[in-house]
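The values are calculated or read from the model by the stated rules, or taken from the named source; none is laboratory data. Everything numeric here is computed off the predicted structure, so don't read it as measured data. We place every Cβ from the backbone using ideal geometry, glycine too, and count neighbours over all the protein chains shown. Ligands, DNA and RNA are stripped out before the accessible areas are found, and what is left, the full protein with its side chains, is counted by its heavy atoms. Shrake-Rupley method; radii C 1.70, N 1.55, O 1.52, S 1.80 Å.
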Amino acid sequence: MSDPVTYEMIFQLFMNLTQIRESQNITETYLSEWNNLIGGLDLEFVSPNTQCGDNCLDVSTEMYKFGNVRIGGNLDNLPTDTIILLSKSTRLLAILLENRMNEKFLLENNIKLERSVRNKSQELHSVEDAYKELTNSISDIFIAMDREFIVTYWNKIASEFTGISSDNIIGESIWKVFGALRGTEFENQLIRTRVAGKKSSFEMEFYRDGSQSFLQVVIYPFQQGFSMLARDVTSMVEKEKEHFISEQKRIQEQKIESLAVMAGGVAHDFNNLLNVIIGHSSLLLNDVRRHDPSYEDLQAIEHAAKIAAGLSRQMLDYSGRGKISVETIELNAYLRELKSILILSSKPGIGLSFIQESENLNIEGDPNQIRQLLTNLLVNAIESIDGEGTVIIRTGRREFSNSTLKSNIISTELPGGTYIYIEVTDTGCGIESSEIDRIFDPFYSTKFTGRGLGLSAVLGIVRGHNGGVIVSSEKNKGSTFTIIFPECLTERTPKHSDTARLSSQWFGSGTILFVDDEKPVRRAGEKLLKRLGFNVLLAADGLEAIDIFERRQTEISLVILDMAMPGMGGLETMEKLREIRSDIKIVLSSGFSDADSGSGLEGVDAFLPKPYGFKRLAEILKKLTSGTD
């Protein structure tokens, strides 16, 4: 009989068995160890279906039947305790095998689960990468947030627009970035979307780094929160604003141009009428003695006509067709000359200051028109002040940017650069921004019923000098008018006209062809010329003038030719006359200015602006017929 088997031996056996992972190896080790313990008997593991009678010990659990341990040999040789331990150990073997099977099942399922999780994770990452790629590829801001407005996603464009990376904002409140928008339409739309669960669209302004941006925003609700798609439309809004401003300037310029054309046309016709009045009145004054009762009446008529001629010149200035006698003007020196005259335009309680911020401020211009411009601006500033106040006239040289020059009232595109400026600033009533474009309209005023062409003439003068006008004003605080001129780098010598007084005894001789489409003007001209000793031939248009000239060219010594005539105009008529006789002396006359008349063209001997009187006509004719300068 073999030695008895103890519990300690079986415990040690199963401690060893628990270290083995494979079920087959567990069974083989179990049988081998028992065979060593009991000796003389042969234990083997057989399948559950093997018939082995009483010498088989069942190896099974409630869930699994693994097989049987068949005992080969005579059991009588084994102690009863050993047989009991053998029977119990087979039960423990079944439990151990079941655990290994469960472990294997769990391991296999865990591997499958891990593989599934890994696959799902890869799929999720792929979806997330595709989502990021999609949201980062769009040119719009894309932000996702939960229902408490905590940011859960922040695309690349959102980072570029705000300057805040996704790492620094995800998990934070949206108000960390858009805190300035709390209580605005942005927050109202977010709350409305959360409550209603419906998409909302709106536009909003957002300030970043001190600059204004415009966004088109769409907010989409979903179960966990919101997604926000925002498009930066700042450049589009700015382009629309620029287009609107440009269009408004174009409309304003068209309006000004239309008024200018009308003013020029009215001035032309007005000058023709004044030419008749002044011509006849100068003849009558020449005939009437000073003590004659009618002499003062004739003087009054002539004086009123000259005042009307001044108004006509203002209309021509407004139209930009006023006479310009160009010379180099040093603004500071010129302003010093005008200072005493300008001070007389002021009124008690108004301080008038002159500030020169730069030296050698040379421009090309007409001194008379620049004086008119300064006077009109000063009068406008003074009239804007009710009671006490200040007017400052400032001159200087300044760099003007393209953006600043966009405010130029005149639509001419002036390039950015250095300009000479005259700036008139007052502390008067100011101008509403909506009214600024209208202040240059004839007879328009923000103070009282419009009564003249002051600022309208300023606009025309500046236009005629290729300059610009920039106006800034604030209601009840005052206005600043900045007039800019191109700087003159080369000096131009002024042209001096012959202002010597004409001897009342001068008379001419010969025949003059007088051409004008207005019968009253022809009649007045004929009388003036005859009084000066000339024979006169009259023509009502260019064709009639050519016909007369062809027949009587040998006796005609000079032609006075109206510029604006229906049909064949003055310049064309002049060319035809030159073709017939190249040495004929021609005087061009117009109700417009010589700047518009073509007096600078070759072949023009003199220009006679309407209205003119006896003296002016005699001066020009004496110069041309006598050869004097």
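Do any of Lys347/Lys475; Lys530/Lys585; Lys306/Lys519; Lys306/Lys615; Lys527/Lys623; Lys519/Lys610 go past 24 Å between their Cα atoms, and which? From Lys347/Lys475; Lys530/Lys585; Lys306/Lys519; Lys306/Lys615; Lys527/Lys623; Lys519/Lys610, over 24 Å: none. Simple spin-label estimate for Ser32 and Lys527 gives 15.3 nm between the two label positions (7 Å along the Cα-to-Cβ direction from each Cα).
In this label model, Glu337 and Asp209 are separated by 5.2 nm, measuring between points 7 Å along each Cα→Cβ vector. Label-point separation (nm) for Thr404 and Thr328, each offset 7 Å from Cα along Cα-to-Cβ? Result: 2.5 nm between the two label points. For Ser213, the amide hydrogen comes within under 5 Å of the amide hydrogens of Phe206, Tyr207, Arg208, counting only partners 5 or more places away or on other chains and with H modelled in the peptide plane. Whole-Hz Karplus values for the stretch 205-211 come out as 9, 9, 9, 9, 6, x, 10 Hz, taken residue by residue from phi with 6.51 cos²θ - 1.76 cosθ + 1.60 and θ = phi - 60°; glycine and proline positions read x. Our note on the geometry: Cα centres of the stretch 26-64 and the stretch 353-412, 120 Å apart. Put simply, the amide H of Trp154, placed in the peptide plane, has neighbours under 5 Å in Ala144, leaving out anything fewer than 5 places away on its chain. Computed with every protein chain present, the accessible area of Thr390 is close to 50 Å² [probe 1.4 Å].
Rg/Rh for the stretch 28-78 stands at 0.98; both radii use Cα atoms, and Rh follows the Kirkwood definition. Computed with every protein chain present, the accessible area of Val471 is close to 20 Å² [probe 1.4 Å]. The equivalent ellipsoid of the stretch 336-479 has semi-axes of 22, 19, 15 Å, largest first, where each one is the square root of 5 times an eigenvalue of the Cα gyration tensor. Of the residues Glu114, Glu388, ranked by 1.4 Å probe accessible area with the largest first, the sequence reads Glu388, Glu114. Simple point charges give the picture: +1 on the Cβ of Lys and Arg, -1 on the Cβ of Asp and Glu, and for the stretch 53-100 a dipole about the Cα centre of about 180 debye. For the stretch 355-432, what % of the accessible area comes from carbon and sulfur atoms, probe 1.4 Å? Its accessible area is 42 percent carbon and sulfur atoms. Once the chain from Asn476 to Asn49 is taken as fully extended at 0.36 nm per residue, the excess over their C-alpha distance is 142.2 nm. For the stretch 1-81, the dipole from Cβ point charges (+1 on Lys and Arg, -1 on Asp and Glu) about the Cα centre works out to 240 debye, to the nearest 20. In order along the stretch 519-528, the Karplus-derived 3J(HN,Hα) couplings, from 6.51 cos²θ - 1.76 cosθ + 1.60 at θ = phi - 60°, round to 4, x, 5, 4, 5, 5, x, 4, 5, 4 Hz, and Gly and Pro are given as x. A cut-off of 5 Å between modelled amide H atoms, ignoring neighbours fewer than 5 places along the same chain, links Val536 with Ile512. Working note: Karplus 6.51/-1.76/1.60 with θ = phi - 60° gives the stretch 538-546 the couplings 10, 9, 8, 7, x, 4, 5, 5, 5 Hz, where Gly and Pro are set to x. Just the protein heavy atoms count here, and of the accessible area of the stretch 45-94 at 1.4 Å, carbon and sulfur take up 47 percent.
Largest first, the extents of the alpha carbon coordinates of the stretch 3-44 on the three principal axes equal 30, 22, 8 Å.
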